[in-house]
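Readers should treat all values here as calculations from the given coordinates under stated rules, not as data from a laboratory. Since the model is a prediction, treat every value here as computed from it, not as a measurement. Cβ placement follows ideal geometry from the backbone for every residue including glycine, while neighbour counts extend to all protein chains displayed.
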Amino acid sequence: MSLDSLMPESFGPDSLLPKDYPLLLAQRDNKLVLLDTSEEICSDPEECPHLKCRALAAANKSYAPYSESPSGVALKCDDKVYRGWYLESVAYNPSLGPVQAALVDFVARSGGKPFEDITEAVLVEKGDATVVQEDTARIFLKKIAPNCDFKVLRCK
């Protein structure tokens, strides 16, 4: 039996997403806000020195059209911040979690620093997320950066 006979029509994001939905590389703003309103957010979170602002900005760039569970991470090493956001695949398994994406940023821009030098991390994710990143983030960071202070903030 041929693959064409099993799947006679092409299959891709257009098959599952609403018409004109922005694809992975399109700019996006998920318009997320923190649930804890006592957490003050800067007017320009892209350049803010606070990890919570940078993690929220990363979550707002997240691509999670299937689970609707955007999330973002900000890592701090010395005075530099490295970010990553959830990049979801329809097949789920090849999705890239926000910690893994932030670690790619760290490897690319830290000049070869070891993961153990990461001192702080903030994860921002929805309070009612279907796909929760906290447990995986905690496991990764404990293993590769055992002295990292890890904080989780919820958003909506």
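Applying the set (1) closer than 24 Å to Lys156 by Cα; (2) surrounded by fewer than 17 Cβ atoms within 10 Å (Cβ to Cβ) to Trp85 leaves exactly one unmet item: (2). Just to verify a result, which residue in the stretch 59-78, among those that are among the charged types (D, E, K, R) and more than 16 Å from Leu25 (Cα to Cα), is surrounded by the most Cβ atoms within 10 Å (Cβ to Cβ)? Looking at residues that are among the charged types (D, E, K, R) and more than 16 Å from Leu25 (Cα to Cα), I get Lys76.
Of all residue pairs spaced 6 or more apart or on separate chains, those with beta-carbon atoms under 8 Å, a first member in the stretch 133-156 that is under 12 Å from Asp117 (Cα atoms) and a second member that is acidic (Asp, Glu) and part of a strand (DSSP E or B) are Cys148/Glu120; Asp149/Glu120. Residues that are assigned to a strand (DSSP E or B) and touching a Ser or Thr at 6+ places or on another chain (Cβ under 7 Å) within the stretch 32-69 are absent altogether. Scanning the stretch 102-128 for residues that are within 21 Å of Pro49 (Cβ to Cβ), in contact (Cβ under 8 Å) with a residue 40 or more places away in the chain and among the small types (Gly, Ala, Ser) returns Ala102, Ala121.
Restricting attention to the stretch 113-130, and to residues there that are in contact with a strand residue (DSSP E or B) (Cβ under 8 Å, 6 or more places away or on another chain) and β-branched (Val, Ile, Thr), which single residue is surrounded by the fewest Cβ atoms within 10 Å (Cβ to Cβ)?
Let us first name the residues in the stretch 113-130 that are in contact with a strand residue (DSSP E or B) (Cβ under 8 Å, 6 or more places away or on another chain), namely 113, 117-127, 129.
Next cut, β-branched (Val, Ile, Thr) only: 118-119, 122, 124.
On the way: Ile118: 25, Thr119: 13, Val122: 25, Val124: 32.
Residue satisfying both the conditions and the ranking: Thr119.
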